[in-house]
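Peer 1: Pasting in a structure now, in structure tokens, and then I'll have a few things to ask.
The values are calculated or read from the model by the stated rules, or taken from the named source; none is laboratory data. What you see is a predicted model; the values in this text were computed from it and never measured. Please note: Cβ atoms are built from the backbone with ideal geometry, for glycine as well, and neighbour counts cover all protein chains shown. For the accessible areas, the whole protein counts, side chains as well, though only heavy atoms, and no ligand, DNA or RNA atoms are used. Shrake-Rupley method; radii C 1.70, N 1.55, O 1.52, S 1.80 Å.
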Amino acid sequence: MHFSLKKCFIILFLIVFISRCAYIKQFKPSRPPLDQLKAELDQTFDEPAFSNAYWGVVVQSLKNGEILYSRNPHKNFIPASNMKLFTTAAALVKLGPEFRYYTGFYADSSIDKNGIINGDLIILGAGDPTITGRYYNGEIVKPLECWADSLRAHNITAIKGDIVGDDNYFEEEIMGEGWAWDYQSDWYAAQISALSFNDNCINIYFSAGDSIGGLAKYQLMPETDYAVIINKVTTVRDGLDREISFKRKHGTNRVEIEGAISTGSSPQRDWFSVENPTLFTATVFKQTLEKKGIQVSGSPQDIGDLNDYFYRTDSVNLIFDYRSPPLWEIVESVNKVSQNLYAELLLRTLGAHFRDIGSAGQGIEVVKEFLQDIGVDTEQFLMVDGSGLSRLNMITPTHVVKLLRYMRKHTYGDYFLQVTADCRWRWDP
């Protein structure tokens, strides 16, 4: 939402927590004088419906920095997904909009004249979030098929060893600090890994069964046996549908699904997260290789599960690198879709790139240094994850406005504007 007053640029940041819902009164499109604008804002914020709520508001001119309206400008609020603005701004400025991830494919032993790798194929992850159908017209397995085609283009015909997923570029932090454990089955709290595929989720498609009272039909995408489905979704007559819910047993990929779908319902799509995304990636890639005619004698492996498995990239054979789309496209997914996993991967990328440790803590230090460099006081800025899913994050309206003013004037401001245009706030050019 935006307001224009004469030729001044105004940024309005509003935060309210009422059962995690926000309500912003729409204003008339005319250009009221400043006192009328203040009166209308006060009228909205003082409505009885908001008696138990706190509003955080700053309206500031981009032209001269004048504060035109404020309410609790320095009070801390839980930012929720507004935290992504800080993560993505720091990533754009520090890494640049054309930054790309590289995923390396290595043979840990010789490749004979028949194209047979006489050992393991290692996939060295670097935090790329784009190994997903989102960037391939919805074709979930397409990036893995591209990997397989690249191996074939390098005349690889078989792999005698294992498919080893290496996620050690990041620290072993599968969830963000303060995330609720009952989130873990849901796509928005997918586990974090430097080697990720399909947003670290499995898509599931439901349709009604053949008869009322019978079990619903389902299909997994990608088609894989990585997860064990306990299907308790029943088929019911029209009007008796019940929400379909997922519960993945902690530490496993055993997923219980409950709910009801009526005979007249259209097919439904949903997602659930997987345990160990690195092993998930290696598993589906092995299946993809075999469909493409490249035989794999070994098994999919997570390098963390292999005792004393060690290699150096300068002592193994690089076959090829997979390059991601540019960072600005990734930021678009973070901010427009509000993709939590991507924000967490970006945060750890900042830590790995600038502090040699791919952890949330080190990434947060990079974000705070960026904020301090642009004049944001970080004393009240409490950041514990990159996505805002944690309720331990705390920021003020002033923090947000200072960030937005800086990004509007920055060389990469157009990228930031483009990728955040569908958010609840926006700016005028």
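Peer 1: Take LEU392 and tell me if it is in a loop (DSSP other than H, G, I, E, B), surrounded by fewer than 22 Cβ atoms within 10 Å (Cβ to Cβ) and modelled with pLDDT of 95 or more.
Peer 2: On the way: in a loop (DSSP other than H, G, I, E, B): yes; surrounded by fewer than 22 Cβ atoms within 10 Å (Cβ to Cβ): yes; modelled with pLDDT of 95 or more: yes.
So LEU392 passes the test.
Peer 1: Kindly provide the set of residues from the stretch 349-364 that are under 19 Å from VAL331 (Cα atoms), without any contact (Cβ under 8 Å) to a residue 24 or more places away in the chain and either open to solvent by 10 Å² or more (accessible area, probe 1.4 Å) or aliphatic (A, V, I, L, M) (or both), ordered by number.
Peer 2: ILE364
Peer 1: Still on this structure, I have one more. Would you call ASP270 assigned to a strand (DSSP E or B) and closer than 28 Å to GLU139 by Cβ?
Peer 2: Values: assigned to a strand (DSSP E or B): yes; closer than 28 Å to GLU139 by Cβ: yes.
Considered against the rule, which asks whether it is assigned to a strand (DSSP E or B) and closer than 28 Å to GLU139 by Cβ, ASP270 comes out as yes.
Peer 1: Next question, about the same structure. Of the numbered conditions (1) out of contact with any helix residue (DSSP H, G or I) (no Cβ under 6 Å at 6 or more places or on another chain); (2) assigned to a loop (DSSP other than H, G, I, E, B), SER193 fails exactly one; give the number of that condition.
Peer 2: (1)
Peer 1: So, in the stretch 215-246, how many residues would count as being among the aliphatic types (A, V, I, L, M), open to solvent by 30 Å² or more (accessible area, probe 1.4 Å) and more than 14 Å from CYS201 (Cα to Cα)? Outline the logic, then answer.
Peer 2: As a first pass, look at the stretch 215-246 and keep what is among the aliphatic types (A, V, I, L, M): 215-216, 220-221, 227-230, 233, 236, 240, 244.
From the residues that got through so far, the ones that are open to solvent by 30 Å² or more (accessible area, probe 1.4 Å) too are 215, 221, 228, 230, 240.
Okay, now just the ones that are also more than 14 Å from CYS201 (Cα to Cα), so 215, 230, 240.
Total satisfying the criteria: 3.
Peer 1: Out of the residues in the stretch 247-296 meeting the condition of being among the small types (Gly, Ala, Ser) and more than 23 Å from SER185 (Cβ to Cβ), tell me which one is most open to solvent (accessible area, probe 1.4 Å).
Peer 2: As a first pass, look at the stretch 247-296 and keep what is among the small types (Gly, Ala, Ser): 251, 259-260, 262, 264-266, 273, 282, 293.
In the following step, the residues that additionally are more than 23 Å from SER185 (Cβ to Cβ) were identified as 262, 264, 266, 293.
Numbers: SER262: 5, GLY264: 59, SER266: 84, GLY293: 48 Å².
Filtering first and then ranking leaves SER266.
Peer 1: Only residues that are more than 18 Å from ALA343 (Cα to Cα), open to solvent by 20 Å² or more (accessible area, probe 1.4 Å) and in contact (Cβ under 8 Å) with a residue 24 or more places away in the chain: list them for the stretch 159-188, please.
Peer 2: Step one: filter the stretch 159-188 for residues more than 18 Å from ALA343 (Cα to Cα), giving 159-166, 168, 181-182, 185.
Imposing the further condition that a residue be open to solvent by 20 Å² or more (accessible area, probe 1.4 Å) reduces the set to 160, 162, 168, 181-182.
Within the stretch 159-188, LYS160, ASP162, ASN168, TRP181 meet the criteria.
Peer 1: Looking at the stretch 234-246, which of the residues that are among the hydroxyl-bearing types (Ser, Thr, Tyr) and modelled with pLDDT of 95 or more is nearest to TYR188 (Cα to Cα)?
Peer 2: Initially, the stretch 234-246 is screened for residues among the hydroxyl-bearing types (Ser, Thr, Tyr), giving 234-235, 245.
With the extra rule that they be modelled with pLDDT of 95 or more, the set shrinks to 234-235.
Values: THR234: 25, THR235: 27 Å.
Among those residues, the one meeting the criterion is THR234.
Peer 1: Kindly provide the set of residues from the stretch 117-158 that are of a type in the set (Gly, Ala, Ser) and open to solvent by less than 50 Å² (accessible area, probe 1.4 Å), ordered by number. Working first, answer last.
Peer 2: The initial filter retains those residues of the stretch 117-158 that are of a type in the set (Gly, Ala, Ser), namely 119, 125-127, 133, 138, 148, 150, 153, 158.
If the condition is that a residue be of a type in the set (Gly, Ala, Ser) and open to solvent by less than 50 Å² (accessible area, probe 1.4 Å), then GLY119, GLY125, ALA126, GLY127, GLY133, ALA148, SER150, ALA158 are the ones that fit.
Peer 1: Is it the case that the stretch 209-222 has a residue that's touching a helix residue (DSSP H, G or I) at 6+ places or on another chain (Cβ under 9 Å) and in contact (Cβ under 8 Å) with a residue 60 or more places away in the chain?
Peer 2: yes
Peer 1: Give me a count of the residues in the stretch 307-348 that are open to solvent by 40 Å² or more (accessible area, probe 1.4 Å), within 23 Å of ILE122 (Cα to Cα) and either outside any strand (DSSP E or B) or of a type in the set (S, T, N, Q) (or both).
Peer 2: Of the residues in that region, 9 qualify.
Peer 1: Same structure, new question: Cβ-Cβ distance below 8 Å, separation of 6 or more or different chains: which pairs start in the stretch 235-247 with a residue that is small (Gly, Ala, Ser) and end on one that is open to solvent by less than 70 Å² (accessible area, probe 1.4 Å)?
Peer 2: As it stands, the answer is GLY239/SER262; SER245/ILE257; SER245/GLY259, since those pairs meet every condition given.
Peer 1: So, one more: Name the one entry in THR235, THR224 that is closer than 29 Å to PRO143 by Cα and not charged (D, E, K, R).
Peer 2: Working: THR235 fails: closer than 29 Å to PRO143 by Cα.
Result of the check over THR235, THR224: THR224.
Peer 1: With respect to ILE212, determine if the residue is hydrophobic (A, V, I, L, M, F, W, C) and crowded, with 17+ Cβ neighbours inside 10 Å. Give the derivation first.
Peer 2: On the way: hydrophobic (A, V, I, L, M, F, W, C): yes; crowded, with 17+ Cβ neighbours inside 10 Å: no.
The answer is no for ILE212.
Peer 1: Six or more apart or on different chains, Cβ under 9 Å: which pairs go from a residue in the stretch 85-104 that's under 20 Å from SER193 (Cβ atoms) to one that's β-branched (Val, Ile, Thr) and open to solvent by 10 Å² or more (accessible area, probe 1.4 Å)? Could you list them?
Peer 2: Here the result reads GLY104/THR313; GLY104/ILE319, each pair linking the stretch 85-104 to a residue that is β-branched (Val, Ile, Thr) and open to solvent by 10 Å² or more (accessible area, probe 1.4 Å).
Residues are listed down the side, and each one gets a yes or a no for (1) small (Gly, Ala, Ser); (2) farther than 24 Å from GLU379 by Cβ; (3) part of a loop (DSSP other than H, G, I, E, B); (4) at pLDDT 95 or above:
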site	(1), (2), (3), (4)
MET1	no, yes, yes, no
PHE9	no, yes, no, no
TYR23	no, yes, yes, no
PRO32	no, yes, yes, no
GLU40	no, yes, no, no
VAL59	no, no, no, no
ASN64	no, yes, yes, no
SER81	yes, no, no, yes
